[in-house]
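Data first, discussion second: the structure below is written as structure tokens.
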């Protein structure tokens, strides 16, 4: 039997790349990206060096065409049994500084892309497949200076629970992983050192999460042992709350 396929949206990012490398032991992986082809290619090369199969797939999944293309490209690798949405973006705009452009940008990246990916999954993911969407601890904590991001991630969680009810008729499990602060290039580039230190000391383990901390949870949800779990939000934050 040929290896099934998995699509990882945002597969070139910090968490996304860790997810790709873990899933590549059991799936042929489509490494999804929107702009940074170089990072996606590096993930493909790393998987190939470890004996896995992967391709880079460029698509804007905040469009109907892009979401359909990404899913179709993954299905060409084998039966599409797993889709993981890792893409996201944030900044630290105060609520009195929000503009329509900022809100629309956040909506496209953080929520619209999830809704359209879930829609494509509803049509194309194999029966008894797995869908995992990353949210954020911000959806629960509602931290200052993250109003738009927190709102979009809360929407992600609601949409995923709805998808779990609808796709469950085909045995497809749909779940959310909600990380806390994770040590990625994006976090280091966008956040002051003092704030990072505060984030690291806020959870029970007194450290930032790693991309692989989150990827291990995703791997379990994609695997066979999680089949009775759907519509759930799993906190992977080191005991942040």
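Scanning segment 128-148 for residues that are assigned to a loop (DSSP other than H, G, I, E, B) and touching a strand residue (DSSP E or B) at 6+ places or on another chain (Cβ under 9 Å), which turns out farthest from residue 109 (Cα to Cα)?
Here is the first cut: in segment 128-148, the ones assigned to a loop (DSSP other than H, G, I, E, B) are 128-129, 135-137, 142-146.
This time we only want the ones that are touching a strand residue (DSSP E or B) at 6+ places or on another chain (Cβ under 9 Å), so: 128-129, 135-137.
Details: 128: 28, 129: 24, 135: 12, 136: 14, 137: 17 Å.
Among residues in segment 128-148 that are assigned to a loop (DSSP other than H, G, I, E, B) and touching a strand residue (DSSP E or B) at 6+ places or on another chain (Cβ under 9 Å), the one farthest from residue 109 (Cα to Cα) is 128.
Find the residue count for segment 43-59, including only residues that are over 19 Å from residue 4 (Cα atoms) and out of contact with any helix residue (DSSP H, G or I) (no Cβ under 8 Å at 6 or more places or on another chain).
2
If you check 194, 154, which single one turns out to be loosely packed, with under 15 Cβ neighbours inside 10 Å, out of contact with any strand residue (DSSP E or B) (no Cβ under 8 Å at 6 or more places or on another chain), free of Cβ contacts under 8 Å to residues at least 24 places away in the same chain and closer than 21 Å to residue 93 by Cβ?
194
Within segment 163-181, count every residue that is touching a strand residue (DSSP E or B) at 6+ places or on another chain (Cβ under 9 Å) and either over 20 Å from residue 232 (Cβ atoms) or without any contact (Cβ under 8 Å) to a residue 24 or more places away in the chain (or both).
Just the residues of segment 163-181 that are touching a strand residue (DSSP E or B) at 6+ places or on another chain (Cβ under 9 Å), to begin with: 163-168, 172-181.
Add one more test, that the residue is either over 20 Å from residue 232 (Cβ atoms) or without any contact (Cβ under 8 Å) to a residue 24 or more places away in the chain (or both), and what stays is 181.
Summing the residues that are touching a strand residue (DSSP E or B) at 6+ places or on another chain (Cβ under 9 Å) and either over 20 Å from residue 232 (Cβ atoms) or without any contact (Cβ under 8 Å) to a residue 24 or more places away in the chain (or both) in segment 163-181 gives 1.
Answer yes or no as to whether residue 74 is at pLDDT 95 or above, buried (at least 18 other Cβ atoms within 10 Å of the Cβ) and on the phi < 0 side of the Ramachandran plot. Spell out the reasoning first.
On the way: at pLDDT 95 or above: yes; buried (at least 18 other Cβ atoms within 10 Å of the Cβ): yes; on the phi < 0 side of the Ramachandran plot: yes.
Spelling it out, residue 74 is indeed at pLDDT 95 or above, buried (at least 18 other Cβ atoms within 10 Å of the Cβ) and on the phi < 0 side of the Ramachandran plot.
Filter segment 45-58 for residues that are surrounded by fewer than 23 Cβ atoms within 10 Å (Cβ to Cβ) and either under 18 Å from the mean Cα position of the chain (by Cα) or under 15 Å from residue 84 (Cα atoms) (or both) and give the result.
55, 56, 58
For segment 107-121, name all the residues that are touching a helix residue (DSSP H, G or I) at 6+ places or on another chain (Cβ under 7 Å), surrounded by fewer than 24 Cβ atoms within 10 Å (Cβ to Cβ) and under 19 Å from residue 146 (Cα atoms).
107, 111
For residue 206, state whether it is within 23 Å of residue 81 (Cα to Cα), exposed (fewer than 15 other Cβ atoms within 10 Å of the Cβ) and without any contact (Cβ under 8 Å) to a residue 60 or more places away in the chain. Steps first, answer last, please.
On the way: within 23 Å of residue 81 (Cα to Cα): no; exposed (fewer than 15 other Cβ atoms within 10 Å of the Cβ): yes; without any contact (Cβ under 8 Å) to a residue 60 or more places away in the chain: yes.
So residue 206 fails the test.
Any residue that is surrounded by fewer than 24 Cβ atoms within 10 Å (Cβ to Cβ) and without any contact (Cβ under 8 Å) to a residue 40 or more places away in the chain - is there at least one of those in segment 9-25?
Looking for residues that are surrounded by fewer than 24 Cβ atoms within 10 Å (Cβ to Cβ) and without any contact (Cβ under 8 Å) to a residue 40 or more places away in the chain, one finds at least one in segment 9-25, hence yes.
What are the residues in segment 122-144 that are within 25 Å of residue 198 (Cβ to Cβ), touching a helix residue (DSSP H, G or I) at 6+ places or on another chain (Cβ under 8 Å) and surrounded by fewer than 18 Cβ atoms within 10 Å (Cβ to Cβ), if any? Break it down into steps so the answer makes sense when it comes.
Going through segment 122-144, the residues within 25 Å of residue 198 (Cβ to Cβ) turn out to be 134-144.
Of the ones still in play, those that are also touching a helix residue (DSSP H, G or I) at 6+ places or on another chain (Cβ under 8 Å) are 134-136, 138-139, 141-143.
141, 142, 143, listed by residue number.
Failed condition for residue 123, given (1) assigned to a loop (DSSP other than H, G, I, E, B); (2) within 21 Å of residue 164 (Cβ to Cβ); (3) over 16 Å from the mean Cα position of the chain (by Cα), with all others met?
Answer for residue 123: the failing condition is (1).
Scan segment 197-207 residue by residue and report those that are at pLDDT below 95 and in contact with a helix residue (DSSP H, G or I) (Cβ under 7 Å, 6 or more places away or on another chain).
none
Take residue 161 and decide whether it is closer than 25 Å to residue 7 by Cβ and surrounded by 23 or more Cβ atoms within 10 Å (Cβ to Cβ). Lay out the reasoning, then the answer.
Details: closer than 25 Å to residue 7 by Cβ: yes; surrounded by 23 or more Cβ atoms within 10 Å (Cβ to Cβ): no.
Criteria not met by residue 161.
The values are calculated or read from the model by the stated rules, or taken from the named source; none is laboratory data. All values derive from a computational prediction rather than experimental measurement. Counting neighbours? That spans all protein chains shown, and the Cβs are built from the backbone with ideal geometry, glycine included.
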